Amino acid sequence: MRSFRLIPDDTRIHFMRYEYWAYAFSGALVLLSLILVPLKGLNFGIDFQGGILMEVRVPGEAADLAAMRATLGGLGLGEVALQTFGEANDVLIRVQRQEGGEEAQQAAVSAVRSALGNSFGEDISWRRVEFVGPKVSSELFWAGAQALGYSLLAILAYIWFRFEWQYGVGALVALAHDAITTIGLFALFGLEFNLASVAALLTIVGYSLNDTVVIYDRVRENLRKYKALAMPALIDRSINETLARTVMTSGTTLLALLALVIFGGPVIRGFVVAMIWGVMIGTYSSVYVASPILVHLNLRRAGEPAPAPGAA
């Protein structure tokens, strides 16, 4: 019985033929992202703006978050986020920082208490109420930015150690490309940017790196196998040989993410939309950013002399 193969073994797509078009496209995406972020700004969530945190325990075996969200959403307090923690009926409520001083924050707390009190009466138990100020939020933002920066530096060191410096630089450029364009996506569509968004960025970096390393490993293998093959043709061959794995991995991941964005609800939608973009842009950058840049960094086979100054 003949097996089905999504990508035939003899696929020979000339990816390098379009490298300069890809450079132009990537450059435009990065430039647009760098313009959008300061121009439109990011829609920071409670994590980075500050706000009110409340821990409550509601009666029953499990909290009905949809009903609670509908009740609190009509209070006009701006962004209200709910999530369970600990037991199924323990709920963490986060309300965005209100305009005004302490009186405005206390008024918001009173409004939430009154709304939930009307729904649950005296059966609701209030565990904690506190205000997260802008200083703490600023520290969270910079901690997230540092986590992303340190991860990129660690990746550069790892790739440099495992392969050669050209591979490390190529991977770093591709990952920076993915991170910048993903942040640009948040700015373009006004998606909420919070700690979950930082987690999405780190996940995208890891996903893209995995795809890039697979191609780089095949490039290194083919450098030893094909001694006379020109570098552009060798990279084309390496990408084609790993194309089936790339398409299957990206395709199955996108199927799962599409199910989440359709059925997962509004709470995780920003995270999932970022992940969908990240999978697509990460796959693209592994092929059209991380791989072609090896040619321009003069990657050579072991023992191959460096090109003479001024040589093409």
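The values are calculated or read from the model by the stated rules, or taken from the named source; none is laboratory data. Keep in mind that this is a model prediction, so the values were computed, not measured. All Cβ positions, glycine included, derive from the backbone under ideal geometry; neighbour counts span all protein chains shown. Note: areas computed on protein heavy atoms with side chains; ligands, DNA, RNA excluded. Shrake-Rupley method; radii C 1.70, N 1.55, O 1.52, S 1.80 Å.
Here are a few things to note about the model shown:
- Scope segment 104-159; condition more than 30 Å from PRO59 (Cα to Cα), modelled with pLDDT under 75 and of a type outside the set (A, V, I, L, M, F, W, C); matching residues: GLY133, PRO134, LYS135, SER137, SER138, GLU139, GLY144
- All positions within segment 231-242 that are closer than 18 Å to TYR20 by Cα and open to solvent by 10 Å² or more (accessible area, probe 1.4 Å): MET231, PRO232, ALA233, ASP236
- Of the listed requirements (1) touching a residue at least 12 places away in the same chain (Cβ under 8 Å); (2) within 30 Å of THR11 (Cα to Cα), ILE268 misses just one: (2).
- Within segment 37-67, the set of residues being part of a helix (DSSP H, G or I) and surrounded by fewer than 18 Cβ atoms within 10 Å (Cβ to Cβ) comprises VAL37, PRO38, LEU39, LYS40, LEU65, ALA66, ALA67.
- Test result for GLY78, touching a strand residue (DSSP E or B) at 6+ places or on another chain (Cβ under 8 Å) and either open to solvent by 60 Å² or more (accessible area, probe 1.4 Å) or of a type in the set (Gly, Ala, Ser) (or both): yes
- Within segment 187-200, tally of residues that are in a helix (DSSP H, G or I) and touching a Gly at 6+ places or on another chain (Cβ under 8 Å): 6
- Entry remark, segment 218-229: residues being assigned to a helix (DSSP H, G or I) and free of Cβ contacts under 8 Å to residues at least 40 places away in the same chain number 4 in total.
- Those helices (runs of 4 or more DSSP H) lying entirely in segment 230-292 with at least 3 residues more than 19 Å from the chain's Cα centre (by Cα): 231-241, 243-263
- Of all residues in segment 175-202, those satisfying the criterion of being over 16 Å from GLY149 (Cβ atoms) and of a type outside the set (A, V, I, L, M, F, W, C) are THR181, GLY184, GLY190, GLU192, ASN194.
- The one condition in (1) in contact with a strand residue (DSSP E or B) (Cβ under 7 Å, 6 or more places away or on another chain); (2) open to solvent by less than 20 Å² (accessible area, probe 1.4 Å) that GLY190 fails to fulfil: (2)
- Residue within segment 159-176 that is among the aromatic types (Phe, Trp, Tyr), over 19 Å from GLY282 (Cα atoms), in a helix (DSSP H, G or I) and touching a strand residue (DSSP E or B) at 6+ places or on another chain (Cβ under 9 Å) present: no
- Among the residues listed as ASP211, ASP178, the single one being more than 25 Å from PRO38 (Cβ to Cβ) and either within 13 Å of the chain's Cα centre (by Cα) or at pLDDT 85 or above (or both): ASP211
- When we screen GLY50, GLY60 for residues that are modelled with pLDDT under 80 and more than 19 Å from PHE120 (Cβ to Cβ), the only hit is GLY50.
- Matching residues in segment 207-230 - criterion: being aromatic (Phe, Trp, Tyr), under 19 Å from LEU172 (Cα atoms) and open to solvent by 20 Å² or more (accessible area, probe 1.4 Å): TYR207
- In segment 82-132, residue nearest to the chain's Cα centre (by Cα) [restricted to those that are assigned to a strand (DSSP E or B) and surrounded by fewer than 16 Cβ atoms within 10 Å (Cβ to Cβ)]: GLN83
- Hey, ASP178 in contact (Cβ under 8 Å) with a residue 60 or more places away in the chain, farther than 28 Å from LEU53 by Cα and not aliphatic (A, V, I, L, M) or not: yes
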